[in-house]
1. Please average, across the residues of B:109-122, the number of beta carbons from any other chain that are within 10 Å of each residue's own beta carbon, and give a whole number.
2. Under the definition of Cα pairs under 8 Å and six or more residues apart, what whole-number percent is the relative contact order of region B:9-123?
3. Between C:Asn92, A:Val105, C:Ala59, whose Cα lies farthest towards the positive end of the dipole of the protein assembly as shown when Lys and Arg beta carbons carry +1 and Asp and Glu beta carbons carry -1, centred on the Cα centre?
4. As a test of reading the structure, rank C:Arg12, A:Arg85 by solvent-accessible area (1.4 Å probe, protein chains only), most first.
5. I'd like the interface area for chains A and C: accessible area of each alone minus the complex, both sides summed, 1.4 Å probe, protein heavy atoms only. What is it in Å² to the nearest 100?
6. Over all residues in C:80-92, what is the mean tally of Cβ atoms on other chains that come within 10 Å of each residue's Cβ?
7. For a Förster distance of 51 Å, can you work out the FRET efficiency between the beta-carbons of B:Glu80 and A:Asp56, rounded to the nearest 0.05?
8. Within region A:48-83, list the residues whose amide N lies under 13 Å from a label point set 7 Å along Cα→Cβ of B:Ala36.
Amino acid sequence: MKFAITINEGPYQHQASDSAYLFCKAALEKGHEIRRVFFYHDGVNNSTRLTEPPQDDRNIVARWSKFSEEHKLDLVVCVAAALRRGIRDENLAPGFRISGLGQLVEAGIEADRLVTFGD
Amino acid sequence: MSEEGVVKKFMFVNRKAPYGTIYALESLEVVLISAAFDQDVSLAFLDDGVFQLKKGQQTKGIENKNFSPTYRALDGYDIEKLYVEKEALDARGLTEDDLLVDVTVMSSAELGKLMEEQDVVLSF
Amino acid sequence: MLHIVNKSPQDRNTLDSCLRVAQAGGTVLLIEDGVYAVVKGNAAESKLKAALGKFKVCALAPDVDARGIADRVMDGVTLVDYAGFVDLVAENKNCQSWL
């Protein structure tokens with residue numbers, strides 16, 4: 001089955017990004033496909049490579065980047081939400097791309113299920 | 001590329017008040033974009049989401065853009081299905097007359113039934 | 001249909017909204033702070049007990065464990081892991097996150 005995921009909250013502030021990651025991981029382990037992960041609202045803050053968490057904490061941004069590389073995941077950051085919050089191509093972490101909201105609607109059309117994680 | 005000819009039932013569920021957080025404004029942006037995809041789009045307003053449709057919003061004093069007129073422009077995008085939960089209006093001392101756009105008011109149960117019929121439910 | 005609730009019932013009205021709108025026969029999955037609703041003796045216990053008659057009620061075990069409430073889970077609530085979460089999404093036609 002094809003899943004699409006929406007993440008509406010930034011890393012650390014809220015558990016949404018962690019929950020979404022663990023959901024995606026479990027879905028892939030079960031043989032499902034993740035059609036796209038779409039970062040919206042403050043969720044766009046998951047994509048900045050300027051993130052530097054303490055060493056004993058998980059690096060949420062790097063974890064998404066690595067996950068994307070391993071599984072060829074399409075991580076899309078909403079352009080309007082990103083520009084509002086100072087996220088641009090220059091500070092985008094590997095594996096993410098900035099694109100329009102149409103990508104979210106398209107993911108909803110193409111995937112069998114869409115799951116939203118947020119506050 | 002989107003799959004040619006696929007029409008899904010999309011419901012945008014609005015449960016948050018405007019201005020206090022950005023969810024209502026940014027959600028409206030995706031609603032407008034969805035119009036370009038020729039899908040069967042509806043908007044549901046529950047809980048504090050009904051405040052998004054309150055008449056008479058004056059936002060000058062908080063230096064925010066008043067985006068409430070956008071709801072009136074939705075029919076120009078062929079987005080005409082706006083559902084409002086009656087229980088949410090009642091709980092907030094509002095009636096249909098307080099809303100700035102034509103809507104269909106329905107009970108929680110009816111709204112729940114409609115939600116079941118959707119292919120994609122987007123909530124913010 | 002799958003309804004996902006992630007708020008503590010003591011903090012927000014999200015669980016109430018979900019239970020008011022959701023159609024009988026659906027599944028309610030509690031995740032993140034939503035799992036606090038399953039604690040025996042909590043103020044929302046009667047609501048959740050009533051919900052058990054109408055819905056399948058599940059809670060995400062890793063979230064339950066993380067919050068130190070694994071030994072207080074109400075009878076009738078099904079604990080699922082992330083794989084179980086994925087199964088619930090797959091086996092229901094659609095899902096709504098009550099954010």
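The values are calculated or read from the model by the stated rules, or taken from the named source; none is laboratory data. From a predicted model like this one, the values you see are computed outputs, not experimental measurements. Cβ: placed from backbone, ideal geometry, glycine included. Neighbour counts: every protein chain shown. Each accessible area value is taken on the protein alone, full model and side chains, heavy atoms only, with ligands, DNA and RNA left out. Shrake-Rupley method; radii C 1.70, N 1.55, O 1.52, S 1.80 Å.
1. On the way: counts 5, 1, 3, 11, 2, 2, 8, 9, 3, 5, 8, 10, 11, 9.
That works out to 6 on average.
2. Details: 170 pairs, mean separation 39.5, N = 115.
It rounds to 34 percent for region B:9-123.
3. C:Ala59
4. On the way: C:Arg12 95, A:Arg85 55 Å².
Ranked list, largest accessible area first: C:Arg12, A:Arg85.
5. Details: alone 6460 and 5170 Å², together 10090 Å².
Protein heavy atoms only, the A-C interface buries about 1500 Å².
6. Values: counts 0, 2, 10, 6, 1, 6, 14, 3, 0, 9, 7, 1, 2.
Average neighbour count from other chains, rounded to a whole number: 5.
7. Numbers: r = 53 Å, r/R0 = 1.04.
After rounding, the FRET efficiency stands at 0.45.
8. In region A:48-83, the label zone of B:Ala36 (backbone N under 13 Å from the point 7 Å along Cα→Cβ) covers A:79-80.
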